[in-house]
Structure formats: structure tokens, C-alpha cells
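Every number here is computed from the coordinates shown, using simple stated rules; none is lab data. Quantities reported herein were computed from a predicted structural model and do not represent experimental measurements. Cβ sites come from the backbone with ideal geometry, for glycine too, and all protein chains shown count toward neighbours.
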Amino acid sequence: MPTITTKDGTEIFYKDWGSGQPIVFSHGWPLSADDWDTQMLFFLNHGFRVIAHDRRGHGRSSQGGSGHDMDHYADDLAAVIAHLDLRNAVHVGHSTGGGEVVHYIARHGESRVAKAAILSAVPPLMVRTAANPGGLPKEVFDGLQAQLAANRSQFYQDLASGPFYGYNRPGAKPSQPVILNWWRQGMMGGAKAHYDGIVAFSQTDFTEDLKKITVPVLVMHGDDDQIVPYADSGPLSAKLLKNGTLKTYKGFPHGMPTTEAATINADLLAFIKG
């Protein structure tokens, strides 16, 4: 398997298919590069080089006990980019991966970056604070950690079969293969990484990162996102970005890259080519 080893000895697994302008995908918590299968095949067939890595502690990357924070996530992404010497890259991040993309660009600069898209993404800040009164109470995230620690397998099954894809909505038609694939990816990763990752995605404030970015960024968010609520995420990120465009999807769930892949892929392609 293709891997790189970071400065602290963590092995990061990645996929690298095709040739042409590179598109780099950053996955959500607690999944893996496999969550981008539909997008990677689509863009590969449209003449792009597609790259996706498993975040440390997730998927096929090594399950160390430390470094499960946005600084390490961004630095690991930078290490993959440098190893492959990617230039003029488009970065696409979903959920926690959207935070990773924003933090990577702000922390490592734009010299290798052409554009970015963040989908159902966690910035600017998920947790409620005095400065972020619209955020979710910290108790919500403490509860997620408690469920993970008590029965990770059950917790992941409940998330995938319920709010992640909007399968708990009236009239929804849950796809068992989609649910099982989410659960499979989650259970491949490490409990410690996923436990710490809840703090990383909920308590990292990306406000200053967003202000630093000057490349075009497409902010894509469904207004029925039950994981990263719309009002306190997408519109706020788009306002903070110097060159941000908000695209709102009526009724789309958090996992819209999977359940609404045809729409999402077409809009991403138009943005990249535009």
C-alpha cells in the first residue's frame, strides 16, 4: 500500500490515480479515503488526477495514541502534498475534512493551491462559546464521546442509519449498503483517534484561517444538515472568506456527497472548470 511516514513516525495511507490537474480529497470523521469513491471515479473519468489519504488513526493509516488535532491533520496533508509534489491542486474537504483543508491552506500557504471546496464542513466553529452563541453546547460533543466509549460499533450504526444521511426523516429510504459502508469505514479506524477527533472537529476555531485564504473557495452545504447545522457553518464561512461562494442545497443531508453525488459532482466540476 502507498504510504508516507510523517516526522513523528505516523504512516499515512493514500490513493493516487490518473494524471492531469490534481484534486485532493479530505474525508470526514470517522471515515476514510473510501468515502470519496464516487467523486474519485467521476473526476478520474473527466481527466483529473485524484488523490485521497486516510487521516491519522483512520482507515489504513497507523493508529498512534497522539496527534489527533487539526495542526497534525493539516501537517499530514502537507506531507502527502509535498511527497507527491502536487501543484495547482484543487482541495475538496467534507465535514472534518473541510476544516482540515481550511487549516492546511492557512497554515501552509497557497503556493500549491488553485481552488478549494468545503462540503458540509465544520468551520468556522461548531461548539457554542460567548463569541459563537449559535454553536452547539459542549455537552452534545461530550455525549458523542460517551457513546463512542460505551459501544463504538452501535454508535456508528446509529449515526449512519439516522442523522448522517437524513435517513431518520419522514419518507426517507435508507440504503443498507450505504449504512454498512459507513460503519465499515468507521470500524477500520482507531477508537482513540476517533474519540480525540470529536474535540478536534468541534472545538477548533477556524475563523482566522478562513480570513487568510485568498484562493476561490466554494462552500457547499445542505440546509437539512443534522450533523453540522447550516446556519452556524456554511453562510458564516462564506462571509469570512475573501473569495468565497456559498451554494445552499435545499433538503440535502450532511452526507450529501454520497446520497446526492450526481448533483454534488456536477457542481464541483463546474466550479473547478469555471
All lysines inside 27 Å of Lys273 as judged from Cα atoms, apart from same-chain residues fewer than 8 positions distant: Lys15, Lys115, Lys211, Lys212, Lys239, Lys242, Lys247, Lys250
So how compact is the stretch 1-132: Cα radius of gyration and Dmax in angstrom? 14.1, 47
Can you compute the charge dipole magnitude of the chain about its Cα centre, using +1 on each Lys and Arg Cβ and -1 on each Asp and Glu Cβ, nothing else charged? Give it in debye, rounded to the nearest 20. 460
Return the inverse of the average 1/r over all pairs of distinct C-alpha atoms in the stretch 135-179, which is the Kirkwood hydrodynamic radius, in Å to one decimal. 11.6
Scanning the chain for helices, which whole DSSP H stretches are 15 Å or more long along the axis (Cα) and average -0.5 or more by Kyte-Doolittle? 70-84, 96-108, 138-161, 176-188, 191-203, 261-273
Using a 10 angstrom cutoff on alpha carbons, build the Gaussian network for the chain and name the most mobile of His83, His58, His94. His83
Sum of -39500 (n - 2.57) over DSSP H runs of 4+, divided by residues of the chain (222 nm, nearest 500): -13000 deg cm²/dmol
Hey, what did the stretch 85-187 get for relative contact order, percent, Cα under 8 Å, at least 6 apart? 19
Rg/Rh ratio calculated on Cα atoms of the stretch 53-115 (Kirkwood radius): 0.95
Relative contact order computed over the stretch 140-274 (Cα-Cα under 8 Å; 6+ residues apart), in percent: 25
In the chain, taking the dipole from +1 charges on Lys and Arg beta carbons and -1 charges on Asp and Glu beta carbons about the Cα centre, the listed residue (Ala89, Pro133, Gly222) farthest towards the positive end is Ala89
Overall Cα dimensions of the chain - principal axes, largest extent first, Å: 42, 39, 38
In square nanometres, what is the average projected area of the Cα convex hull of the stretch 102-166? 6.7
Taking the DSSP beta bridges in the chain as the whole, what percent of them are antiparallel, to the nearest 5? 20
At 1.002 mPa s and 20 °C, Stokes diffusion of the stretch 185-256 via Kirkwood alpha-carbon radius, µm² per second: 156
Just to be sure I understand: with springs between alpha-carbon atoms less than 10 Å apart, which residue in Met70, Met126, Met188 has the highest mean-square fluctuation in the Gaussian network model of the chain? Met188
